[in-house]
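J.: Let me begin by handing over the structure; questions about it come next.
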Amino acid sequence: MVFYYVWFFIALALSLLLITLFYIFFNKNLGAILKVIALVLSVFFIFRYCLNNLFLESFNYENFIKSENKLGFVFAFILHWLSVTGFLIITMRPFFNSVIVLNVLSYAICPIIFFCNAIFLKQLLYSNFGSGVFLGTLLQGVFLCLEVGVELALSLFYLFTFFKKKNRILKTQYFYAGIAFLGMVLATMPNYTLQIFFDPYNYAFKVDKLNFWHRIYIYPIFIVPIILYLILRNKPKQTRLFALLYYSLSGLILYTLTHQFKDFLSVSNLPFHLCNTALYVTPLCLMLRAKKVFYFTYFINVLGAFFAIMMPNFNMNGINGTVLISDVLLFFRSHYQAFYMPILVVGLSIFERPRLREFKYSLVGFFIYYVFVLILNAWFYNYDTSVDYFFINSNFIASKLGLWAENLRNVIIEVKIKGLTFKFYPIYQTLFFIVYVILSLITWFIYSICFKVVLGLLELENKQREYKSDMQVLIIALKGKNIGEPMNENLSDKLVLKNLTKRYASSNVYAVKDANLEVCGGEVFGFLGPNGAGKSTIIKSIVGIQTISSGSISVCGYDVKTQEVMAKRQIGFVPDHYALYEKLTAREYVNFIADLYEVEKSVRDSRLNNLIKQFEFEHAIDNPIKTYSHGMKQKVTIMSALIHEPKVWILDEPLTGLDPNSIYQVKECMKNHAKKGNIVFFSSHIIDVVEKICDKIAIIQKGQIQLVESVKNIEEKTTLEKFYMSVITSNNVEAIKFENEKVV
Amino acid sequence: MKKLFKIKNIYVLTAMQLANSFDLSSYKNGKKGLLKAVFSAVKFTVVTLLFYAFFSVLALLKVFGQSLIIPDTFLALIFTVLEVISIILATIKLTGALYKSQDVKFLLTMPVKHNAVFFSKLILFFIYEIIKNVNFTLPLFVAYGLFNGAVWFYYLWLLICFVLISLIPVSIGAVLSVLWLYLSNFISKYKVLQAVIIVTAGLLIAQILFKFVSLIPENINILAQWNNITQNVIAPFLNNFASTFKPFYNLTLMTVGSALLISSNVFNTFTLSCFFISVFAVVLCFFLCNAVVKPLFFKMASKQFEYEKNNAKAKQNVVYNKYFSPFIEELTKNFRSSKYIAYVMLQILLPAMLVFLLNKLYLSMQTSFNGQFMTKAFNMLVLLLSILSFNNEFSAVFSKQGAIRNFNKTRPISASILCFSQIAPRLIISVISAFLGAYLYYFTSKVKITEFVCVFLICSFTSIAHLFWCAELDVMNPQTNIYSSLNAIENNPNENSATLYSLLISIIFAFLLYFLARTSAVTVFYKLLFIAVAFFLVRTLLFFMRVKLYYKEN
């Protein structure tokens, strides 16, 4: 034991010395040296890990039951477990400086772990190598001591820098670091954990052919990635990368738990099996940013892992395994990683979403891999009959598919080269390849759908956030008032547009840009402009048919965006073309509209009767709307717009298609409505009508309000028609504006 | 001269309408015309061969006993069904073509007599009937003749009879169209009467179908009892049918004669007398038409274009709560249309009838243990598919309103309530439909009451979820502009997606039911109910969220 402690102290001292030297004299390169130390630490780890881990197989139920010191047994097990967790944290720390959780753990948790390792070094050695380690001087024991020394040095350094810099870490960050640590510990849980405490050969827990326990193992492939995605998606990129790399490295370590160097001398243990490859490839791709190789796992490995989970092949001496056996746990753990790690990497934007080109490259890569594996299988079969990379050599898949597949496999071609027999199953293996490619195409399709769904949900989430933010702005602006009250009571009799801008989603052109307007009660306000000027866009924005890009609209003090319903209650709208439910009668239609505006019955009765008289509608009010002429339908629209006596009455080309009598009726209605102190906002092409009934006009052109002017002022100097034409055709609107006018 | 002028007018009117209905330009081009003719000949041959194959299969299965001949009663059965359908369709279509078609407005302004317009339309309809019979009825008789070894002049005689067969629906339809016009005009004035007639007709049809399907016996061994079935069921049924529908049976005999092979009994007293009676009947019909229609046609045709100025009674204003008002409006609008009422009947009854038929068929079989699970799965598939298929049109529920959709955005009410009110009627109908379907499943399969409740809830939740999904598609990808301008859309992408989703959902639930039932028959329905509820919650949430955030913008 002294021998091992010597090595521990040597490693500790050297590491501390090196770090101190660089900290004092070469501070700029400190980061680099820490990374080098971390890499050296990894080398120690790999070496001692791969030299001999067979003692770990003694962590089983039988030995636990037989053990005289059960507490010691469990303690040794936990020590071994946490040493892996601590190793990963401390090794990755220099490479992820900005990850707060990692920073916290490296000084808050790691020193505890490694102090424990140092103090209980004997137990740690025993838990890794058994009592044999004390009978001699095992090389792997030396590596473990070196490892512990370096780990402790690093963790002490991080603790020192924490106290030196007096970093402010919030309580919540400690909390999240604690939660993250639990997750990290869980990720490094050894495969033999369950078989220590429970009898692994209790066949009530058998995993077999989609039975209950098999399904329990299938559900995590959907649940775990969703949970990880939700936790990590809003975190900084470095944090996401760290989490995924940690998870993939822990998976690789657990996979190689019982592997030794000499195992790789056996051809059947070489990591050419697809899912084994994924365990090595994924962390390497993350570390080295190898996109092309990564996309291969994304398209090819994921599919293979899915089928492996559905059709597990962990046959234990001819008996199917139970959920407690380490090999079963390892099987599923490794295949989970191969399945959802690539999906998470793309989902969390570590690598971009692949395009069709990357998919084609992956297929090419798959072809190369397939041919390579075909040849290797045929070659290595001569040395080891259990060789079966990608299951194309054995009848494992064929036996699941049925007799027809097994019959296909009976077609064999043998090639003899230099005394070796290369056996191929041409039809079966070709079909296998084709089917796998087709399934990969289906996978591409499924990915596209999933992306579409996820992007849709993300967009929805952003919109919801925007909406909530708008509501909060409204609440602040209301200053304690009820949400049903106007935001600005000073504007209670006005229609105000402020810097209104509207751009349709797919266009670069502004339909309306920086429109400012103020219309007061008691006015008939005309809105003129050529076709496509933006009149309808402004009107649609006011009445709530479409959203605005920026700016604000206030209707009687209510903001159209955040107090939509209340703003609409102030408005009566007559569109340029009626849009009515023709199966209803006019009375029914107007009543349904009145219901929405909550017009009381007595008021409704008298108002509707007046409107009926005014528009000479007595004979038709109870007939279906489909029997009406154009003019009658337009009158129904006007009646429905006036039934609630709106403060703002907006009409968009209301006189189109009306006979002279009807035009007269509408004009009178407009004048009367304005006389009551209400706003009548009226868009038209007919300048004569505008001239006769409007008090003020605004002229809009190319999305911008050119000017606002009183009709009286205009008529003192010229006719409205000439004035309008001069504005529309002029390059200098300022010169046309009269004195004492409102500048827009 | 006058008569010649009249015939020429009829010819011109007919030719004009024919040119409008059919693209005859390809026939003017020699090559294209030849290709079209060849294609038509090939089509005729293929249909004939299909009928021949059909007869061969029936003979092989000895459906009509040991004889290899197809009896004339069987042919009469098919012919009767076809002719009855033709007469009904001719009546309805002629009513539309003669009195309600928009081109009548234009044709009546032409300097021709009104009955010239009338007869030109009848001739056009006769041509449609001939084309339809060439595609279907004629191949049937040709195949019959070939199969039974008819003599060569049978086929010549067939051509002559075929002209008469085509005239019969047209002549009867022309007479009945007058009655139907007055009847339909009368009924259309009284909405309540319309609704009662439709509901009664729907229930009657359902009852008849129910009775027919109930006749399927349980646990039948068709193979063992085949001779019994052919002798004691099929043959008497055909004979009874022939005697019940004697005129049509006689028409069949007139066409095919009363013998086969080398017998020359195609022409005998009976067939010739049938022929002349039929000709007389057709002539009588046309004479009646001319007598009745000549004075009335213009009045009947022009009446359709007058505005209905009913002297409606003055009504009171009715006030509803503002949140309830959109639902009342939607119901009022919808139930004013008789087509809508008929459609509602179909939505409620069809899934139930399909489930009933399916289960009666299953009951007539002996099913294995595995088969019982498959039965449940197929019930789920059929029920869901039939209910969800009616939801697909709601993927254009808002777009179909055209300009009204935008106008509705100006209403001072939450968009969620407005949108929900438009799908609420269908929501209620789908629940009723699910209840009826589940009840018939329970009634026929004699399952536990918990299973009935679970199936009802699963179908209800799934249907509502799918309905919200369809409406959501329209919110996110509205086709309003196309509907506003064209009033219809071909190949609506939303509808395609909705149809695909309905198919996938039905298959997934059926598959899950089968798969999970094999491992745990007790809890399977609870698991499916859980999935259905989760699906419902997700889709409801997404629908209302998307309406709140996107309805105004899109």
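The values are calculated or read from the model by the stated rules, or taken from the named source; none is laboratory data. This structure is a prediction, so every number in the text was calculated from the model and none was measured. Every residue, glycine among them, receives a Cβ derived from its backbone with ideal geometry; neighbour counts consider all protein chains shown. Accessible surface areas use protein heavy atoms only, side chains included; no ligands, DNA or RNA. Shrake-Rupley method; radii C 1.70, N 1.55, O 1.52, S 1.80 Å.
J.: Does the range B:179-194 contain any residue that is open to solvent by 40 Å² or more (accessible area, probe 1.4 Å) and either β-branched (Val, Ile, Thr) or in contact with a His (Cβ under 9 Å, 6 or more places away or on another chain) (or both)?
T.: The answer is yes, given that some residue of the range B:179-194 is open to solvent by 40 Å² or more (accessible area, probe 1.4 Å) and either β-branched (Val, Ile, Thr) or in contact with a His (Cβ under 9 Å, 6 or more places away or on another chain) (or both).
J.: A follow-up question, please. Let me spell it out: the conditions are (1) modelled with pLDDT under 90; (2) closer than 21 Å to residue A:702 by Cβ, and residue A:498 meets all of them except one. Which number is the exception?
T.: For residue A:498, the exception is condition (1).
J.: Identify, please: which residue in the range A:584-599 is under 46 Å from the mean Cα position of the chain (by Cα) and within 7 Å of chain B (Cβ to nearest Cβ) and is, among those, nearest to residue A:488 (Cα to Cα)?
T.: Among those that are under 46 Å from the mean Cα position of the chain (by Cα) and within 7 Å of chain B (Cβ to nearest Cβ), it is A:597.
J.: Hey, any hits in the range A:320-328 for a residue that's on the phi < 0 side of the Ramachandran plot, open to solvent by 60 Å² or more (accessible area, probe 1.4 Å) and touching a residue at least 40 places away in the same chain (Cβ under 8 Å)?
T.: Yes; the residues of the range A:320-328 include at least one that is on the phi < 0 side of the Ramachandran plot, open to solvent by 60 Å² or more (accessible area, probe 1.4 Å) and touching a residue at least 40 places away in the same chain (Cβ under 8 Å).
J.: Another question about this same structure. Restricting to the range A:615-635, name every residue that is more than 8 Å from every other protein chain (Cβ to nearest Cβ), surrounded by fewer than 19 Cβ atoms within 10 Å (Cβ to Cβ), touching an Asp or Glu at 6+ places or on another chain (Cβ under 8 Å) and not charged (D, E, K, R).
T.: Across the range A:615-635, the qualifying residue is only A:631.
J.: Moving on to the next point. Within the set of pairs 6+ apart or on separate chains, which have a first residue in the range A:26-38 that is closer than 13 Å to residue A:157 by Cα and part of a helix (DSSP H, G or I), a second that is among the acidic types (Asp, Glu) and open to solvent by 80 Å² or more (accessible area, probe 1.4 Å), and C-beta atoms under 6 Å apart?
T.: Correct list of pairs: empty, since none qualify.
J.: Now, a different point. Might you check whether a residue that is within 14 Å of chain A (Cβ to nearest Cβ) and touching a residue at least 40 places away in the same chain (Cβ under 8 Å) occurs anywhere in the range B:435-448?
T.: No, the range B:435-448 contains no residue that is within 14 Å of chain A (Cβ to nearest Cβ) and touching a residue at least 40 places away in the same chain (Cβ under 8 Å).
J.: Oh, and also: Looking at the range B:99-113, which of its residues are in a helix (DSSP H, G or I) and either in contact with a Ser or Thr (Cβ under 6 Å, 6 or more places away or on another chain) or hydroxyl-bearing (Ser, Thr, Tyr) (or both)?
T.: Passing the criteria: only B:99.
J.: What tally of residues in the range B:461-474 results from selecting those that are open to solvent by 10 Å² or more (accessible area, probe 1.4 Å) and among the small types (Gly, Ala, Ser)?
T.: The qualifying residues number 0.
J.: Pick from B:421, B:433: which is of a type outside the set (Phe, Trp, Tyr), open to solvent by less than 20 Å² (accessible area, probe 1.4 Å), within 30 Å of residue A:565 (Cα to Cα) and part of a helix (DSSP H, G or I)?
T.: One residue alone meets the criteria, B:421.
J.: Also, I was wondering about something else. Tell me, yes or no, whether the range A:496-509 has at least one residue that is in the same structural domain as residue A:726 (by TED's automatic domain parsing), touching a residue at least 40 places away in the same chain (Cβ under 8 Å) and of a type in the set (S, T, N, Q).
T.: Looking for residues that are in the same structural domain as residue A:726 (by TED's automatic domain parsing), touching a residue at least 40 places away in the same chain (Cβ under 8 Å) and of a type in the set (S, T, N, Q), one finds none in the range A:496-509, hence no.
J.: Is there a residue being in contact with a Leu (Cβ under 8 Å, 6 or more places away or on another chain) and crowded, with 19+ Cβ neighbours inside 10 Å anywhere in the range B:398-407?
T.: no
J.: Sticking with this one: Given the criteria assigned to a helix (DSSP H, G or I) and open to solvent by 10 Å² or more (accessible area, probe 1.4 Å), does residue A:640 qualify?
T.: no
J.: Right, here's the next one. Filter the helices (runs of 4 or more DSSP H) completely within the range B:475-554 down to those with at least 3 residues that are open to solvent by less than 20 Å² (accessible area, probe 1.4 Å), touching a helix residue (DSSP H, G or I) at 6+ places or on another chain (Cβ under 8 Å) and in contact (Cβ under 8 Å) with a residue 40 or more places away in the chain.
T.: Correct list: B:493-519, B:524-550.
J.: Does the range A:644-666 contain any residue that is of a type in the set (Val, Ile, Thr), in a strand (DSSP E or B) and in contact (Cβ under 8 Å) with a residue 24 or more places away in the chain?
T.: Looking for residues that are of a type in the set (Val, Ile, Thr), in a strand (DSSP E or B) and in contact (Cβ under 8 Å) with a residue 24 or more places away in the chain, one finds at least one in the range A:644-666, hence yes.
J.: Please verify whether the range B:370-391 includes one or more residues that are closer than 30 Å to residue B:185 by Cα, within 21 Å of the chain's Cα centre (by Cα) and surrounded by 18 or more Cβ atoms within 10 Å (Cβ to Cβ).
T.: yes
J.: While we're here: As an exercise: evaluate residue A:444 against (1) in contact with a Leu (Cβ under 9 Å, 6 or more places away or on another chain); (2) more than 29 Å from residue A:352 (Cβ to Cβ); (3) in contact (Cβ under 8 Å) with a residue 40 or more places away in the chain and give the number of the one condition it does not meet.
T.: Unmet condition: (2).
J.: Something else: Look at residue A:111 and say whether it is touching a helix residue (DSSP H, G or I) at 6+ places or on another chain (Cβ under 8 Å) and either under 16 Å from residue A:242 (Cβ atoms) or open to solvent by 40 Å² or more (accessible area, probe 1.4 Å) (or both).
T.: Taking the combined requirement at face value, the residue does not satisfy it.
J.: Which residue out of B:42, B:38, B:47 is more than 17 Å from residue B:149 (Cα to Cα), hydrophobic (A, V, I, L, M, F, W, C) and surrounded by 12 or more Cβ atoms within 10 Å (Cβ to Cβ)?
T.: Just a single option satisfies the conditions, and that option is B:47.
J.: Can you find, within the range A:600-613, the residue that is nearest to the other protein chains (Cβ to nearest Cβ) among those that are under 24 Å from residue A:655 (Cβ atoms) and either hydroxyl-bearing (Ser, Thr, Tyr) or crowded, with 17+ Cβ neighbours inside 10 Å (or both)?
T.: This residue is A:608.
J.: Which residue pairs have Cβ atoms closer than 9 Å, lie 6 or more positions apart in sequence or on different chains, and pair a first residue in the range A:169-182 that is surrounded by 10 or more Cβ atoms within 10 Å (Cβ to Cβ) with a second residue that is at pLDDT 85 or above and polar (S, T, N, Q)?
T.: Cβ pairs passing all conditions: A:181/A:85.
J.: Every residue in the range A:413-440 that is under 39 Å from the mean Cα position of the chain (by Cα) and either outside any helix (DSSP H, G or I) or of a type in the set (A, V, I, L, M) (or both), please.
T.: A:431, A:434, A:435, A:437, A:438, A:439
J.: With respect to residue B:90, determine if the residue is within 28 Å of residue B:44 (Cα to Cα) and not in a helix (DSSP H, G or I).
T.: No.
J.: Suppose we filter A:230, A:210, A:249, A:257 for residues that are open to solvent by 30 Å² or more (accessible area, probe 1.4 Å) and in a loop (DSSP other than H, G, I, E, B); which single one remains?
T.: A:210
J.: Answer yes or no: is there a residue in the range A:347-354 that is at pLDDT 85 or above and either part of a helix (DSSP H, G or I) or within 30 Å of residue A:399 (Cβ to Cβ) (or both).
T.: Scanning the range A:347-354 turns up at least one residue that is at pLDDT 85 or above and either part of a helix (DSSP H, G or I) or within 30 Å of residue A:399 (Cβ to Cβ) (or both).
J.: Right, next: When you scan the range A:334-346, do you find a residue that is in contact with a helix residue (DSSP H, G or I) (Cβ under 7 Å, 6 or more places away or on another chain) and free of Cβ contacts under 8 Å to residues at least 60 places away in the same chain, even just one?
T.: Yes, that holds for at least one residue.
J.: Contact list please: Cβ distance under 6 Å, first residue in the range B:382-411 and without any contact (Cβ under 8 Å) to a residue 40 or more places away in the chain and assigned by TED's automatic domain parsing to the domain that holds residue B:460, second residue of a type in the set (Phe, Trp, Tyr) and not in a helix (DSSP H, G or I), pairs at least six apart or on different chains.
T.: Pairs that qualify, where the first residue is without any contact (Cβ under 8 Å) to a residue 40 or more places away in the chain and assigned by TED's automatic domain parsing to the domain that holds residue B:460 and the partner is of a type in the set (Phe, Trp, Tyr) and not in a helix (DSSP H, G or I), are B:410/A:573.
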